[in-house]
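The values are calculated or read from the model by the stated rules, or taken from the named source; none is laboratory data. Just so we're clear, the structure is a prediction, and the values are computed from it rather than from any experiment. Because the Cβ atoms are built from the backbone with ideal geometry, glycine has one as well, and the counts that use them run over all protein chains shown.
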Amino acid sequence: MTRSEMYRRLRAHPDPWDMIVVGGGATGVGVAIDAASRGYDVLLLEQNDFGKGTSSRSTKLVHGGVRYLEQGNVSLVMEALKERGLLLRNAPHLVRNLGFVVPNYDWWEAPFYGIGLKLYNLLAGKYGFGASRILSREETLERLPTIKPEGLRGGVIYFDGQFDDSRLLINLVATAFEQGATLLNYAPVTELSKDAEGFVDGVQFHDSETGEEFEARGNVVINATGPFADGLRRKADPTVQPMIAPSQGIHLVFDRSFLAADNAIMVPHTSDGRVMFAIPWHGHTVVGTTDTPIGEATLEPAALEQEIEFILQTSALYLEKKPTRADILSVFAGIRPLVRSGEAGNTAALSRDHTIRIENSGLITVCGGKWTTYRHMAEDCVNQAATLARLPERPCVTEHLNIHGFHTASEKFGRLWMFGTDAPLVEQIEEGDPALAEPLDSQLPYSAAEVIWAVREEMARTVEDVLARRTRALFLNARAALRMAARVANLMAAELKLDADWEAEQLASFRQMARNYVAT
Ligand SMILES: Cc1cc2nc3c(=O)[nH]c(=O)nc-3n(C[C@H](O)[C@H](O)[C@H](O)COP(=O)(O)OP(=O)(O)OC[C@H]3O[C@@H](n4cnc5c(N)ncnc54)[C@H](O)[C@@H]3O)c2cc1C
């Protein structure tokens, strides 16, 4: 999977495409897989790197959403629980079953959450991850050795999924490619074109690396730009009312010792009425998230001071070892593409369901939902797009489609487990030159071979692509990622046959961007 092969496919393709997808996050790439695996010709264009938007900045949960159950949204939870089960089946190398403990400090909490979580498991039906149960105080402390013991009465454990979002996204891009789709990163769509009747019939985009301009025609254009959806909708019709209410969520990352467990903590009600998680992830502890309505979506959102303080204070209520600012290894922010309900107010209460809107111009916008339900969103969207574009009807096949890297026992690849079937290929690079197997930084496990692999096989084009989304260095430990950057730039320049000026420019822009992830 290389960019030059994608351009070869692009140039070899006669217009029009069956479908053009704008946006290379979970939603857009999911649509590309669905459409390509049904046999439609698909072109997907991403303005930056795949997953640069929200899809690399999630809480990393493949879940039904316990919270939505409490809000009475049973059908949404059931749908998500089914998708959770399908994702575990189709990408077992990246999705894990994780125990979540709700600690109880009040007498009523155990029966209350116990019943709710039993229902959660029942709704999963044959896609269940394991029965929930009430834990004694001792069992709770065994599962969560760092939980604050004063006043602790016990807990309730339930099971949900956990994953690596941007690794899954890169594997989804590979799956779409294998199904015949053409997908380009660094290809922003700048305009939409229309036919004589005013229907959107194509896009203008350029290659950010070369500046070359392109036009492509499509029977239907799908807007999967997440929090940026209104921007593209306005290109089709400047008078449309906004449909997105962007809301920011942040996470803080600490070292493993703060949780020191293979179970997560789930706090059902924080003081601002949200759910908060503390989860073990890649040998670290990730705590989040907040929900702050914001004005306009940006590609590199920054955590607000009050959000950082809120998470520090809330985690201190539950963790024996209270995290301080100095303990923060990385802070990252993401923007939920929530669909407006028509009323202003608390974004935590806005619909988490997905929306597919067909504009008068024929542009289809698919947004909302969540990572967990990307496959179902794609199925709905392609059904509607095929009808609108008068394409021959073809059934969706993604329920049973393995995702690139599929492996049922990838733990056997040790630290390379997340590569699944690609792990032996990364190992081959390491075996070719054992120096390439050395960690690039003492605090993180990533090797030079992984950088080379990312450039050769995963369309990584910048130092940020490698450190933020092919590896998760920036999200786990921003200072370590900054230390690794020069070597990564050097390795990439050698692979891409680029010069010292490119290296220097890459280093400078990565340093500038990574400042956002360091809590000073
Ligand atoms: C803090 C937080 C935590 C979350 N946690 C979870 C979780 O644990 N589990 C879960 O299931 N869900 C979670 N979600 C929700 C989930 O992450 C999102 O629903 C999902 O990632 C949205 O994907 P998307 O593809 O619609 O948007 P995005 O990932 O933002 O993708 C849109 C893409 O469109 C591109 N784009 C924009 N304009 C253009 C253009 N003109 N040309 C080309 N490309 C363009 C952008 O660069 C971007 O990459 C979370 C969300 C947030 C914010």
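Going by the structure shown, is Asp106 away from the ligand (no atom under 11 Å from the Cβ), farther than 30 Å from Asn516 by Cα, acidic (Asp, Glu) and touching a strand residue (DSSP E or B) at 6+ places or on another chain (Cβ under 9 Å)?
no
Restricted to region 426-513, the set of helices (runs of 4 or more DSSP H) holding at least 2 residues that are under 19 Å from Ala174 (Cα atoms) comprises 448-457.
Among residues belonging to region 250-297 that are in a loop (DSSP other than H, G, I, E, B) and touching an Asp or Glu at 6+ places or on another chain (Cβ under 8 Å), point out the one that is modelled with the highest pLDDT. Don't jump to the end; show me each part of the working.
In the first step, residues of region 250-297 are kept if they are in a loop (DSSP other than H, G, I, E, B); the result is 259-262, 268-275, 282-283, 289-291, 294-297.
Going one step further and asking which of them are touching an Asp or Glu at 6+ places or on another chain (Cβ under 8 Å), we end up with 268, 272, 274, 282, 290-291.
Details: Pro268: 89, Asp272: 80, Arg274: 84, His282: 97, Thr290: 88, Asp291: 88.
Out of the qualifying residues, it is His282.
Exactly one residue among Thr182, Thr190 is of a type in the set (Val, Ile, Thr), surrounded by fewer than 21 Cβ atoms within 10 Å (Cβ to Cβ) and touching a helix residue (DSSP H, G or I) at 6+ places or on another chain (Cβ under 9 Å), and that residue is Thr190.
Of the residues making up region 329-340, not a single one is modelled with pLDDT of 95 or more, part of a loop (DSSP other than H, G, I, E, B) and within 16 Å of the ligand (Cβ to nearest atom).
Contact annotation: residue pairs with Cβ atoms under 7 Å, 6 or more positions apart or on different chains, pairing a residue in region 313-339 that is within 13 Å of Tyr517 (Cα to Cα) with a partner that is within 16 Å of the ligand (Cβ to nearest atom) and aromatic (Phe, Trp, Tyr), are Ser330/Phe475; Ser330/Tyr517; Val331/Tyr517; Phe332/Phe475; Phe332/Tyr517. The lone criterion from (1) of a type in the set (A, V, I, L, M); (2) in contact with a helix residue (DSSP H, G or I) (Cβ under 9 Å, 6 or more places away or on another chain); (3) part of a helix (DSSP H, G or I) left unmet by Leu152 is number (3). When every residue of region 274-285 is checked against the conditions, at least one turns out to be surrounded by fewer than 22 Cβ atoms within 10 Å (Cβ to Cβ), in contact (Cβ under 8 Å) with a residue 12 or more places away in the chain and among the basic types (Lys, Arg). Just for region 402-422: of the residues that are surrounded by fewer than 19 Cβ atoms within 10 Å (Cβ to Cβ) and touching a residue at least 12 places away in the same chain (Cβ under 8 Å), which one is farthest from Pro92 (Cα to Cα)? Ranking the qualifying residues of region 402-422, first place goes to Arg415.
All conditions but one from (1) in contact with a helix residue (DSSP H, G or I) (Cβ under 6 Å, 6 or more places away or on another chain); (2) away from the ligand (no atom under 16 Å from the Cβ); (3) under 30 Å from Gly283 (Cβ atoms); (4) charged (D, E, K, R) apply to Lys412; the one that does not is (1). For Ala481, indicate whether it is touching a residue at least 12 places away in the same chain (Cβ under 8 Å) and closer than 25 Å to Asp255 by Cβ. For Ala481, the condition - touching a residue at least 12 places away in the same chain (Cβ under 8 Å) and closer than 25 Å to Asp255 by Cβ - is met.
Residues that are part of a helix (DSSP H, G or I) and touching a Ser or Thr at 6+ places or on another chain (Cβ under 8 Å) were ranked within region 215-230; the one that is farthest from the ligand (Cβ to nearest atom) is Ala229.
Does Gly116 fit the bill of being within 30 Å of Ile279 (Cβ to Cβ), of a type outside the set (Lys, Arg) and in a strand (DSSP E or B)? No: the conditions fail for Gly116.
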